[in-house]
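Trainee: Take a look at the following structure, please.
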Amino acid sequence: MNPLIFTTILMTVLLGTMIVMMSSHWLMIWIGFEMNLLAIIPILMKKYNPRTMEASTKYFLTQATASMLLMMAIIINLMHSGQWTITKVFNPTASIIMTSALAMKLGLTPFHFWVPEVTQGISLTSGLILLTWQKLAPMSILYQISPSINLNILLTMAVLSILVGGWGGLNQTQLRKIMAYSSIAHMGWMTAVLAYNPTLTMLNMLIYIMMTLTMFMLFIHSSSTTTLSLSHTWNKTPLTTTLILITLLSMGGLPPLSGFMPKWMIIQELTKNSSIILPTLMAIMALLNLYFYMRLTYSTSLTMFPSTNNMKMKWQFETKRITLLPPLIVMSSLLLPLTPMLSILD
Amino acid sequence: MMTYIVFILSVIFVVSFVGFSSKPSPIYGGLVLIVSGGVGCGIIMNFGGSFLGLMVFLIYLGGMLVVFGYTTAMATEQYPEVWVSNTTVMGVFLLGLLMEVMLVLYVLKSEEVGVVFEFSGVGDWAIYDTGDSGVFSEEIMGVAALYSYGAWVVIVTGWSLLVGVLVILEVTRGD
């Protein structure tokens, strides 16, 4: 793409999300969502093959439907409250419709079907933008309307998302689909605690973005999109093999790494609110996630994955420069001792 | 009839929406869109929005739909699908029509309708008094306010339109 056009379109994606996060008028928020959607379509379609076009079309259709539902919820809210400012949503019908619309934008169950298909059809860098930056805008709106969200619907969607994210990722060997299911599961964790302590939602979002960013950067660095091709990184850069191990275990939520912090805080917050079965179920279903991360580490860092003999040595292309990889790796694995600092957030 | 004009126009509005949502070929969808645009203009005018109604006719029907009609005419097939040519399209159209008829009967029978939310007639949207000073219309003042207090909206929508054009050119470029 022409660099000037590419910069303009990327800046418009950023501008769209910024408008959503900064506006106090519901109409401007809707405009921000539409601007974001419109501008990300050519980024998803960077290569012109039928798979990217199909993925972009699917993304556009689902997100446009979600925007329409959001507009309907905004109008019902206007009808019942007579004003356009973003505070809590004043009508239960409007609240339910708005929650469904934002769940469609985030990829929560039962609206999760587009996430693996769209993520698989696009390039790794576009998938990175899709799974990290695009989650910021809907999550910020959920944060702002969190006092008025129907708890039954929210918790059902959250628990089902964790289940689907774990279970659906079990049979995958394509890395982009694995990351998509991991995103579904993490969104489930984030929305589970939204009604109890929205700060933890933001914490989880921050750490999830860092870990996903790290994983995608490592995949881009080794140009691998399948488990088989990832398992050859020991040959090219043995250091990234170890880093893949650490980051994947952090995503699974294992204790000395920073991925444990959000899960720990969320389970603590839920038990403080006297719900015990729910966090138990969530923690058990997170094991499914951990299983396929560990399978990935097993085939990548811990064993020499079986492959044909002519594939064992990876072709030594010029090494891609990856922005900010060392700080990201440090942040996605070593942040756990900073947990007491969360007390300043309230 | 004049007291029920909004109701009648709304029914025609919904029926024409059903007409194009049942997905005949785009040319016929555009035809029905003209009808729905005109009827929508009538509804808005009945609430006192004469400027907005004229906007619908001028910009929506006379600008956007004309361009749509021209591009569809360039890309259409030899025998485009009508509502009666395809069983699926006719089935969906009849289903939508049936649901609208049932809703209209429900509205006519009972005082209040509670399908998704409560609706009981025009309510406090009915205009008894024009409410403006009589010197200038409030609607046009809204347009003026768009360019003074609402400058940010103008900037954002203008930028969206520019990026829309860039995106469309980028997507249809091909290689």
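Trainee: Which condition number in (1) part of a helix (DSSP H, G or I); (2) modelled with pLDDT under 90 is the one that B:Gln78 fails?
Mentor: (1)
Trainee: Confirm whether A:Ala73 is open to solvent by less than 70 Å² (accessible area, probe 1.4 Å), over 21 Å from A:Gly127 (Cβ atoms), in contact with a helix residue (DSSP H, G or I) (Cβ under 7 Å, 6 or more places away or on another chain) and within 13 Å of chain B (Cβ to nearest Cβ).
Mentor: Numbers: open to solvent by less than 70 Å² (accessible area, probe 1.4 Å): yes; over 21 Å from A:Gly127 (Cβ atoms): yes; in contact with a helix residue (DSSP H, G or I) (Cβ under 7 Å, 6 or more places away or on another chain): yes; within 13 Å of chain B (Cβ to nearest Cβ): yes.
So A:Ala73 passes the test.
Trainee: From A:Leu160, A:Leu206, A:Leu239, grab the single residue that is surrounded by fewer than 18 Cβ atoms within 10 Å (Cβ to Cβ), under 12 Å from the mean Cα position of the chain (by Cα) and without any contact (Cβ under 8 Å) to a residue 60 or more places away in the chain. Show your work before the answer.
Mentor: Working: A:Leu160 fails: under 12 Å from the mean Cα position of the chain (by Cα); A:Leu239 fails: under 12 Å from the mean Cα position of the chain (by Cα).
Only one candidate passes the filter, namely A:Leu206.
Trainee: Additional query: When residues of the range B:144-153 are filtered for being more than 10 Å from chain A (Cβ to nearest Cβ) and open to solvent by 50 Å² or more (accessible area, probe 1.4 Å), how many remain?
Mentor: 5
Trainee: Tell me which residues, restricted to the range B:22-41, are open to solvent by 60 Å² or more (accessible area, probe 1.4 Å), in contact (Cβ under 8 Å) with a residue 12 or more places away in the chain and assigned to a helix (DSSP H, G or I).
Mentor: B:Pro26, B:Ile27, B:Tyr28, B:Ile34, B:Val35
Trainee: Sort through A:Ser183, A:Ser222, A:Ser229, A:Ser275 and tell me the only one that's open to solvent by less than 10 Å² (accessible area, probe 1.4 Å) and farther than 18 Å from A:Trp133 by Cα.
Mentor: A:Ser222
Trainee: From the list A:Ile267, A:Ile284, A:Ile329, which residue is within 18 Å of A:Met210 (Cα to Cα), out of contact with any strand residue (DSSP E or B) (no Cβ under 8 Å at 6 or more places or on another chain) and aliphatic (A, V, I, L, M)? Outline the logic, then answer.
Mentor: Values: A:Ile267 fails: within 18 Å of A:Met210 (Cα to Cα); A:Ile284 fails: within 18 Å of A:Met210 (Cα to Cα).
Of A:Ile267, A:Ile284, A:Ile329, the one residue that is within 18 Å of A:Met210 (Cα to Cα), out of contact with any strand residue (DSSP E or B) (no Cβ under 8 Å at 6 or more places or on another chain) and aliphatic (A, V, I, L, M) is A:Ile329.
Trainee: Taking the options B:Gly62, B:Gly53, B:Gly69, name whichever one is more than 29 Å from B:Leu98 (Cβ to Cβ) and either modelled with pLDDT of 95 or more or more than 14 Å from the chain's Cα centre (by Cα) (or both).
Mentor: On inspection, the qualifying residue turns out to be B:Gly69.
Trainee: Answer yes if at least one residue in the range A:284-304 is open to solvent by 70 Å² or more (accessible area, probe 1.4 Å), part of a loop (DSSP other than H, G, I, E, B) and over 30 Å from A:Trp189 (Cα atoms), and no otherwise.
Mentor: Checked the range A:284-304: at least one residue is open to solvent by 70 Å² or more (accessible area, probe 1.4 Å), part of a loop (DSSP other than H, G, I, E, B) and over 30 Å from A:Trp189 (Cα atoms).
Trainee: I'm checking my understanding of the structure. Among residues of the range A:7-53 that are within 11 Å of another protein chain (Cβ to nearest Cβ) and among the basic types (Lys, Arg), which one is nearest to B:Thr157 (Cα to Cα)?
Mentor: For the range A:7-53, the residue satisfying everything is A:Lys46.
Trainee: Mind listing just one residue for me: the one in the range A:15-44 that is free of Cβ contacts under 8 Å to residues at least 40 places away in the same chain and farther than 15 Å from B:Val165 by Cα and, of those, most open to solvent (accessible area, probe 1.4 Å)?
Mentor: Taking the candidates together, the pick is A:Met22.
Trainee: Here is a follow-up. Going by what's in this entry, would A:Leu136 be described as open to solvent by 10 Å² or more (accessible area, probe 1.4 Å) and away from chain B (no Cβ under 14 Å)?
Mentor: Yes: the conditions hold for A:Leu136.
Trainee: So which residues in the range A:321-340 are out of contact with any helix residue (DSSP H, G or I) (no Cβ under 6 Å at 6 or more places or on another chain) and either at pLDDT below 80 or among the aliphatic types (A, V, I, L, M) (or both), if there are any at all?
Mentor: Once the filter is applied, which keeps residues that are out of contact with any helix residue (DSSP H, G or I) (no Cβ under 6 Å at 6 or more places or on another chain) and either at pLDDT below 80 or among the aliphatic types (A, V, I, L, M) (or both), the range A:321-340 yields A:Arg321, A:Thr323, A:Leu324, A:Val330, A:Leu334, A:Leu335, A:Leu338.
Trainee: While we're looking at this one, here's another question. May I ask you to say which residue of A:Phe90, A:Phe60 is open to solvent by 40 Å² or more (accessible area, probe 1.4 Å) and in a helix (DSSP H, G or I)?
Mentor: It is A:Phe60.
Trainee: Then there's this: Of all residues in the range B:160-172 being open to solvent by 30 Å² or more (accessible area, probe 1.4 Å) and at the interface with another protein chain (Cβ under 8 Å from one of its Cβ atoms), which is modelled with the highest pLDDT?
Mentor: B:Leu166
The values are calculated or read from the model by the stated rules, or taken from the named source; none is laboratory data. Predicted model, so just to flag it, every value in this text is computed and none were measured. Neighbour counts are summed over all protein chains in view; Cβ atoms, including those assigned to glycine, are modelled from backbone coordinates with ideal geometry. When the accessible area is computed, the model is the full protein with side chains, heavy atoms only, and any ligands, DNA or RNA have been set aside. Shrake-Rupley method; radii C 1.70, N 1.55, O 1.52, S 1.80 Å.
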